Each structure stands twice: as C-alpha cells, then as structure tokens.
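Take a look at the structure set out below.
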Amino acid sequence: TVKLDKLNAMQLEKLYRQKLDAGLSARRVRYIHVTIRKALKDAVRLQLLSRNVADAAIPPRPVKSEIHPLSQEQVQALLAAAKGDKLYGLYLLACTTGMRQGELLGLQWKDIDLDAGTLRVERSVYDGVISPPKTTSSRRTIRLTKMAVAALKQHRIDTAKLRISEWVFPTVNGKTIGHQNLHNRSWKPLLERAGLPHSTRFHDLRHSCISLLVSKGVPIKVV
C-alpha cells in the first residue's frame, strides 16, 4: 500500500521486525531484504526511483547455528533406521563422504565409478536449480567405502526397476528431490525412527563425518 516514492528505510526495517516477531528466522528475513533490494534496484534502473532506499535499511543478522556432530553410536543408529529406505544410499554417503546435501542431490550416475570405488562432485542442486559446486575446491573426487559401493550398486538395481533417470537419487518422476521434500518426508521421519533429536540438521552429517574421521586417526590434511 506504500507508493514507491514514499518508501523509506525505516518502513523496511519495521517490516523486517514484524517478520521476525511472526516467527521467521533472521536468514529468511534477509532473503526478503535481498528480494526487495533487487526489486528497487530495477525501479531505479527504470527511473521510477532516484535511489534505492533498501541500501540504507539494515536487515537482521543471521544467528549462527551451533554445530552438533553425531557420535559414532548415533550415526550407526541413523543408518540402521535408514536401512531399507529408498534414500539409504544418500544418508550413507552423507555420513561417509561429508558431501553437502546439494552435492548429493546433484549426483548423476555418470559421476560414479563403482569399479574404481570413486565419485566425482560436479554440481549442486537446490529445488531443481543446478549450479556449480560451492567453491573451486568443492569440485573433487572422493574415494568410497566398500559399504557405500555396495549400497550404490543395490540402489542402482532398485531405481532401475522404477524408471531410468540420470540422477542417482530422483523422485518417482525422475526429477531431482526438493529441499523441503527431503526434509519433511524423509529426514524428519528418519530422526524419529532413529531416536535422534529433532533439532539435528542434515548438514550435521557433514560435521559428523569429519569428527569421526579425525577420531579414527585420519590425517587432518586428508580429512
């Protein structure tokens, strides 16, 4: 209801506070800020505004989540609960390779050499959007455990029965799995079955992998 030329930074900051009070996280509110800022930048380019007032608005700072890596016993409980699940291979790879969620969902069969026991990280996927790995060093080759190779071989047989797809972990339609879909339909129920805290994040598996490797005496450079 506010005209563009009447909009000011104070109104934007009031909006951000209302969203925080409504229960949105600081990170989500920052997404709102970025979207508004881009929209107003377009308005300046189209000469509808003389300046972008979002540049003066201060969005909330995201609160860094405390890292809680799982213990070896908790990882074993998680994988035991995932046994027989269609995404067992995904969770096993997460625990044994430390790959990011987007990298796992972006895996294609051409990236995996089961004979050599390796996989290549070439892309990341978030809600259907394909992008390069997060950093230059993220484009890497990872050696797989024997357990992971066996799980992937079985997974390939199981998925071939349903539908041929280039993606290793596709939906029933052969497309990539969405972030919220994975979180709500698979990850949360899995935590329940494994008896793990509901606050456990998928990303904690990456830290858990690192923690377990270090505890096993693997050189930090290799980790």
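The values are calculated or read from the model by the stated rules, or taken from the named source; none is laboratory data. Here the structure is a predicted model, which means the values were calculated and not measured. Cβ atoms come from the backbone with ideal geometry, glycine included; neighbour counts cover every protein chain shown. Side chains are part of the model used for accessible areas, which takes the heavy atoms of the whole protein and leaves out ligands, DNA and RNA. Shrake-Rupley method; radii C 1.70, N 1.55, O 1.52, S 1.80 Å.
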On the formula 1/(1 + (r/R0)^6), with r taken between the Cβ atoms of K153 and I220 and R0 of 22 Å, the FRET efficiency rounded to 0.05 is 0.10
In square angstrom, rounded to the nearest 10, how much accessible surface does Y31 have for a 1.4 Å probe? 120
Within the stretch 98-149, what whole-number % of the accessible surface is contributed by carbon and sulfur, with the 1.4 Å probe and all protein chains included in the calculation? 53
Measuring from the longest principal axis of the C-alpha atoms of the chain, the long axis of helix 146-162 (C-alpha) lies at a number of degrees, nearest 10, equal to 70
Would you mind computing, in nm to one decimal, how far apart the modelled labels at D85 and K110 are, each placed 7 Å from Cα along Cα→Cβ? 3.0
Under 14 Å from the Cβ of D85, count the other residues' Cβ atoms, weight Lys and Arg +1, Asp and Glu -1, and hand me the total. +3
Cut-off under 24 Å on the C-alpha distance; same-chain residues fewer than 8 positions from K175 excluded. Which lysines are left, in chain and number order? K83, K86, K110, K134, K153, K161, K188
If I model a spin label at S199 and N181 as a point 7 Å from the Cα along the Cα→Cβ vector, what separation in nanometres do I get? 3.1
Inter-part gap, Cα centre of the stretch 169-223 to Cα centre of the stretch 1-22, in whole angstrom, is 37
State the extension gain, in nm to one decimal, for the chain segment bounded by K146 and I130, taking 0.36 nm per residue of separation less the distance between their alpha-carbons. 2.9 nm
R28 paired with L46, simple spin-label distance in nm, labels 7 Å along Cα-to-beta-carbon: 2.8
What's the extension gain from T1 to I164 if we count 0.36 nm per residue and subtract their Cα-Cα distance? 53.7 nm
For the stretch 81-223, what mean projected area does the convex hull of the alpha carbons give, in nm²? 8.7
So what is the accessible area of the stretch 1-95 per residue, in Å², with the probe set to 1.4 Å? 71
Computed FRET value (nearest 0.05) for E73 with T118, which takes r as the C-beta separation and R₀ as 45 Å: 0.95
What are the trypsin sites (Lys or Arg not before Pro) within the stretch 4-79 that DSSP puts in a loop, where the Cβ has at most 10 other Cβ atoms within 10 Å? R51, K64
Calculate for the chain the 222 nm mean residue ellipticity that helices alone would give, adding -39,500 (n - 2.57) per DSSP H run of length 4 or more and normalising by residue count, nearest 500 deg cm²/dmol. -13500 deg cm²/dmol
Env charge @ N52, Cβ radius under 11 Å, K,R +1 / D,E -1, value +3
